[in-house]
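Colleague: Structure incoming, see below.
The values are calculated or read from the model by the stated rules, or taken from the named source; none is laboratory data. Quick caveat: nothing in here was measured; it's all calculated off a predicted structure. Note that each Cβ is placed from the backbone with ideal geometry, even for glycine, and that neighbours are counted across all protein chains shown.
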Amino acid sequence: MNEIPDRTQILRWLHENNPDQLDALWRRADEVRRVYVGDAVHLRGLVEISNHCVRKCAYCGLRVSNRSVARYRLSALEILDAARKAAALGCGTVVLQSGEDPGITVDWLGNVIRAIKSETALAVTLSLGERSKEELAQWRQAGADRYLLRFETSDPNLFNAIHPARAGNIGVRSREGHPRIAILRTLRRLGFETGSGIMVGIPGQSIESIAEDISVFRELNLDMIGIGPFIPHPATPLGGACDRARSSPAHARTLMTDPELMAYKTVALSRLVRPDANIPATTALATINKQNGRELGLRRGANVVMPNCTPLKYRKLYEIYPAKACIDENTQDAGESLSARLQRIGRHAGSGSGRRNPFVHLAAP
Ligand code: 5AD
């Protein structure tokens, strides 16, 4: 039933701004979502285990150069406790996320993963930045099931500009040399379910490059695809650049007019090119449109939500961008309002770990 759009069609959709026309895209993405992954919305409990970061990404509030961040790292017990709470909330998966933090050592995290796996039935997803093959292999051995690493943009020049290489490393010269795409291939070889994604509306990002990103999702056969609008953070170089561009007509054209709408289009097209992938309605969507960003994501191709399960006292310190949705939500309340919100759009919380089932379409009508 699903005809995969080709490059020309993808570009045409990304340029389409007529709401009546777009309605056809939303309906098609929603139908493909329903047929391939059903009405269950899988809940992944997000635990932000450390906001330390050694990198200088131009978009992210946790960059090492941002001295105004009070840095924290959860203890093993705090992580275990947060994982238990995520399970009690109905999550089948816990996602351990952090900045790129060398203080998270291979043995320490290996023990945390083993403890979660032995005490709960949760799937464990890691989202810890660019780590070495050896570290990734040991965490896989310890029982980690999945890994998330967005490549952010497949445009090598843009990636270089926003993501300075670590000291001693060279930047990206071609897509094949994209360090994160190389790591995604390693993750797949190690047996991780592998997730990636992009930000939409990065200053200087072209619509053509987003079409290319969507082709890369398809080529990499990703199990999970996370897409969120770029949200400027004032304490970052890109936050400052956005302010300047807004006040200067000459620079204003480097800014995308409606990153929120472009993010929905990207979600919908990602569903069409990877019909059986797990695609979250991201926190960035819920932040840019507090009223119904999450619901719109779920109605335009997404099938996953990631409730924030970080202990409350740390939550506001994990400020990758400002005014993040869920900052003050207590995880229990978040869960209750979430299931009510899911029901209102004809969906329900999924059970089990919600892993990707690449053969599901064989049973689909
Ligand atoms: N706006 C939106 N998303 C952001 N991320 C980091 N900084 C921002 C920002 N300013 C996203 C990146 C990263 C993920 C964890 O958060 O895509 O991979």
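Colleague: I need a count of the residues in region 298-307 that are within 23 Å of Leu126 (Cβ to Cβ), buried (at least 24 other Cβ atoms within 10 Å of the Cβ) and not aliphatic (A, V, I, L, M).
Modeller: Total satisfying the criteria: 1.
Colleague: Scan region 74-108 for residues that are assigned to a loop (DSSP other than H, G, I, E, B) and among the acidic types (Asp, Glu) and jot them down.
Modeller: Across region 74-108, the qualifying residues are Glu100, Asp101.
Colleague: When residues of region 17-71 are filtered for being part of a loop (DSSP other than H, G, I, E, B) and touching a Leu at 6+ places or on another chain (Cβ under 6 Å), how many remain?
Modeller: 5
Colleague: If you don't mind, there's one more thing I want to ask. Determine which member of the set Gly99, Gly90, Gly45 is surrounded by 15 or more Cβ atoms within 10 Å (Cβ to Cβ) and modelled with pLDDT under 95.
Modeller: After ruling out the rest, the residue left standing is Gly90.
Colleague: Ala142 - would you say it is surrounded by 15 or more Cβ atoms within 10 Å (Cβ to Cβ), more than 20 Å from the chain's Cα centre (by Cα), of a type in the set (A, V, I, L, M, F, W, C) and away from the ligand (no atom under 15 Å from the Cβ)?
Modeller: yes
Colleague: Which helices (runs of 4 or more DSSP H) does region 211-292 wholly contain that include 1 or more residues that are surrounded by fewer than 24 Cβ atoms within 10 Å (Cβ to Cβ) and touching a strand residue (DSSP E or B) at 6+ places or on another chain (Cβ under 7 Å)?
Modeller: Passing ranges, in order: 259-273, 283-288.
Colleague: OK, next. Within 12 Å of the ligand (Cβ to nearest atom) and touching a residue at least 40 places away in the same chain (Cβ under 8 Å): does that describe Ile288?
Modeller: Here the answer is yes, as Ile288 does meet what is asked.
Colleague: Starting from region 218-241, take each residue that is in contact (Cβ under 8 Å) with a residue 24 or more places away in the chain and list its partners that are more than 12 Å from the ligand (Cβ to nearest atom) and in a helix (DSSP H, G or I), counting only C-beta distances under 7 angstrom and pairs at least six apart or across chains.
Modeller: Going by the 7 Å Cβ cut-off, the qualifying pairs are Arg218/Val273; Leu220/Leu184; Ile225/Phe217; Ile225/Ser270; Ile227/Thr266; Ile227/Val267; Ile227/Ser270.
Colleague: For the subset of region 117-139 comprising residues that are buried (at least 19 other Cβ atoms within 10 Å of the Cβ) and away from the ligand (no atom under 16 Å from the Cβ), which member is farthest from Arg55 (Cα to Cα)?
Modeller: Among residues in region 117-139 that are buried (at least 19 other Cβ atoms within 10 Å of the Cβ) and away from the ligand (no atom under 16 Å from the Cβ), the one farthest from Arg55 (Cα to Cα) is Leu122.
Colleague: Take Leu74 and decide whether it is away from the ligand (no atom under 16 Å from the Cβ), modelled with pLDDT of 95 or more, surrounded by 16 or more Cβ atoms within 10 Å (Cβ to Cβ) and more than 18 Å from the chain's Cα centre (by Cα).
Modeller: So Leu74 fits the description; yes.
Colleague: In addition: Please go through region 33-63 and give me each residue that is more than 14 Å from the ligand (Cβ to nearest atom), in contact with a Lys or Arg (Cβ under 6 Å, 6 or more places away or on another chain) and under 30 Å from Ala167 (Cα atoms), ordered by number.
Modeller: Answer for region 33-63, where residues must be more than 14 Å from the ligand (Cβ to nearest atom), in contact with a Lys or Arg (Cβ under 6 Å, 6 or more places away or on another chain) and under 30 Å from Ala167 (Cα atoms): just His52.
Colleague: Answer yes or no: is there a residue in region 248-262 that is within 14 Å of the ligand (Cβ to nearest atom) and over 19 Å from the mean Cα position of the chain (by Cα).
Modeller: yes
Colleague: Now a separate question. Within region 62-85, work out how many residues are among the polar types (S, T, N, Q) and closer than 30 Å to Ala121 by Cα.
Modeller: Qualifying residue count for the region: 1.
Yes/no matrix, rows are residues, columns are (1) touching a Ser or Thr at 6+ places or on another chain (Cβ under 8 Å); (2) farther than 25 Å from Ile198 by Cα:
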{"position": "Leu22", "(1), (2)": "no, no"}
{"position": "Tyr36", "(1), (2)": "no, no"}
{"position": "Leu46", "(1), (2)": "yes, no"}
{"position": "Ser50", "(1), (2)": "yes, no"}
{"position": "Val69", "(1), (2)": "no, no"}
{"position": "Ser75", "(1), (2)": "no, yes"}
{"position": "Glu78", "(1), (2)": "no, yes"}
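Colleague: So which pairs qualify, if the first residue must be in region 148-168 and at positive phi, the second must be assigned to a loop (DSSP other than H, G, I, E, B), the Cβ gap must be under 7 Å, and the two must be at least 6 apart or on different chains?
Modeller: Glu152/His163
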